[in-house]
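Below: one structure, written as structure tokens.
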Amino acid sequence: MPTKKVRASKLESASARRKLPIAKRPIYVKLAPNIFLGYRRNENVGSWNVRVTGPGIDWIKKIGLADDFEPSDGRAVLSFWQAQETARKLARRQPGDDAGDDSRPLTVAEALTNYEADLTARGGDAYNAKRARLHVPPVMASKPVALLRSIEMHKWRDGLIAKGLSRASVNRVRTCLRAALTLAAKRDKRISNRHVWEDDLEALPNATTERNVILPDATVGKLIATAYAHDPKLGLLCDVVSTTGARPSQAVRLLVGDLDLAKPSAPRVMMPRSGKGHAHKRAMKMQERVGVPITLALAELLTQEAKGRPAHAPLLTRSNGEPWEYRRSDLYRADFRALIEAVGLDPDEVTPYSLRHSNIVRRLLANVPVRIVADLCDTSVREIERHYSKHISAHSDEIARRGLLQIEPPPTPTGKVVALPGQRS
């Protein structure tokens, strides 16, 4: 069924439009609920725009010039009737239209959807798109990317702080949204406001604070013993994380074939690299493995765990036989918070990552070179110096004192100035 055309005697013909006064504000004609066609009379040729309103929605986009002084071509120069059709297509996809019609302005919500699909296709972490979507309000989500302005982006960022997000969390959400918007701009060259999020939307300063909780060795031992008593499978996972210093997401990806007992007196596990970094490097990096030494006691437990299972099977499993999930939330669901409370610690402060942080500091204090610690724990020297600097500084003071020259003072200072050899008294 053809769309009904709207009549407007003042706008239908070029001669009628030329009789209108020059004005800054357009004259609007309602085409459908929440969709309006606007005409602005200029000193020379007039212009058409479309305005879309609704709950949390209000945006305007110029769609072309009016055929006030030259014939319409259906693209850059539009008649009143052609402008109506173009306005409807830009405002909404009509039944039968291609869902991928690139004439319609891309909204922020659609940019996030496309970004999620792109991450999935490239082997990236699709949760980055979901993280941003959770914190984008409906008004912003429904707005075309090309109409975003710096002031509203800053209000959005600062509003996340008001909602209780930490400065570091706000910066992470900002980074995810920026990536989605940049991808949209790369695919649609009509989006010319990249500076709004790439240059103007700065990260919040002082967002990175050292919050790594370091546990004493006795507390780590008590925590692991409590975990074994509560759930042997959970205890084994905590033991592996504590012994290797790996991220929980790395430990749960260990396979039976990663247990290396070639040297029985020096067992180790071939720990998978993490999925951190750019998506184009992530898939290749996650296939890499690094040998990390483990204790003989842990090697014996892992040997029993791997007995009779194929090399490609997960080495660490839950009590029901299913593999652990990659995300830290799975450890929290496994009563990790209850374990923390059982040893008298705060579960909002101490996390599974505390076992990793404690391992890194333990190695540093044992004189293991920072470069080796970084490689074993799948991080960089820069990150270790950045997050564990105070522990390195405290330890370096102890080492530096070994190089101090110890000079024996005179047994009984007399307080008198004595002439040096060759000087006159």
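The values are calculated or read from the model by the stated rules, or taken from the named source; none is laboratory data. Since we're looking at a predicted model, the values are computed, not measured. Note: ideal-geometry Cβ built from the backbone for every residue, glycine included; neighbour counts use all protein chains shown. The area values use the complete protein model at the heavy-atom level, side chains included, leaving out ligands, DNA and RNA. Shrake-Rupley method; radii C 1.70, N 1.55, O 1.52, S 1.80 Å.
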- Message: Of everything in region 243-277, what is open to solvent by 10 Å² or more (accessible area, probe 1.4 Å) and not in a loop (DSSP other than H, G, I, E, B)? Give them in sequence order.
- Response: Thr243, Ser249, Leu255, Val256, Gly257, Asp258, Leu259, Asp260, Arg268, Met270
- Regarding Glu349, is this residue out of contact with any helix residue (DSSP H, G or I) (no Cβ under 8 Å at 6 or more places or on another chain) and surrounded by fewer than 15 Cβ atoms within 10 Å (Cβ to Cβ)? yes
- Task: Taking Lys186 as meeting all but one of (1) in a helix (DSSP H, G or I); (2) open to solvent by less than 60 Å² (accessible area, probe 1.4 Å), write down the number of the exception.
- Result: (2)
- Item | Restricting region 1-38 to residues that are in contact with an Asp or Glu (Cβ under 8 Å, 6 or more places away or on another chain) and assigned to a loop (DSSP other than H, G, I, E, B), the residue that is most open to solvent (accessible area, probe 1.4 Å) | Ile22
- Task: Residues being small (Gly, Ala, Ser) and not in a helix (DSSP H, G or I): count how many of those fall in region 203-242.
- Result: 2
- Message: What pairs come out if I take residues in region 288-305 that are outside any helix (DSSP H, G or I) and pair them with residues that are surrounded by fewer than 17 Cβ atoms within 10 Å (Cβ to Cβ) and at pLDDT 95 or above whose C-beta lies under 6 Å away, six or more apart or interchain?
- Response: Arg289/Met270; Gly291/Met270
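So which of Ser242, Ser249, Ser265 is over 20 Å from Asp346 (Cα atoms) and within 31 Å of the chain's Cα centre (by Cα)?
Details: Ser242 fails: over 20 Å from Asp346 (Cα atoms); Ser265 fails: within 31 Å of the chain's Cα centre (by Cα).
Just a single option satisfies the conditions, and that option is Ser249.
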- Query: If you check Arg41 against the conditions, is it touching a residue at least 24 places away in the same chain (Cβ under 8 Å), of a type in the set (Lys, Arg), farther than 23 Å from Ile191 by Cα and crowded, with 19+ Cβ neighbours inside 10 Å?
  - Reply: yes
- Message: Pull out all pairs, ordered by first then second residue, where Cβ-Cβ is under 6 Å, the residues are six or more apart or on different chains, the first lies in region 344-356 and is over 10 Å from Val241 (Cβ atoms), and the second is surrounded by 10 or more Cβ atoms within 10 Å (Cβ to Cβ).
- Response: Pro347/Arg337; Pro347/Ile340; Pro347/Glu341; Glu349/Val213; Val350/Val213; Val350/Ile340
- Message: Being under 23 Å from the mean Cα position of the chain (by Cα), at pLDDT 90 or above and more than 23 Å from Leu223 (Cβ to Cβ) is the requirement here; does Arg382 meet it?
- Response: yes
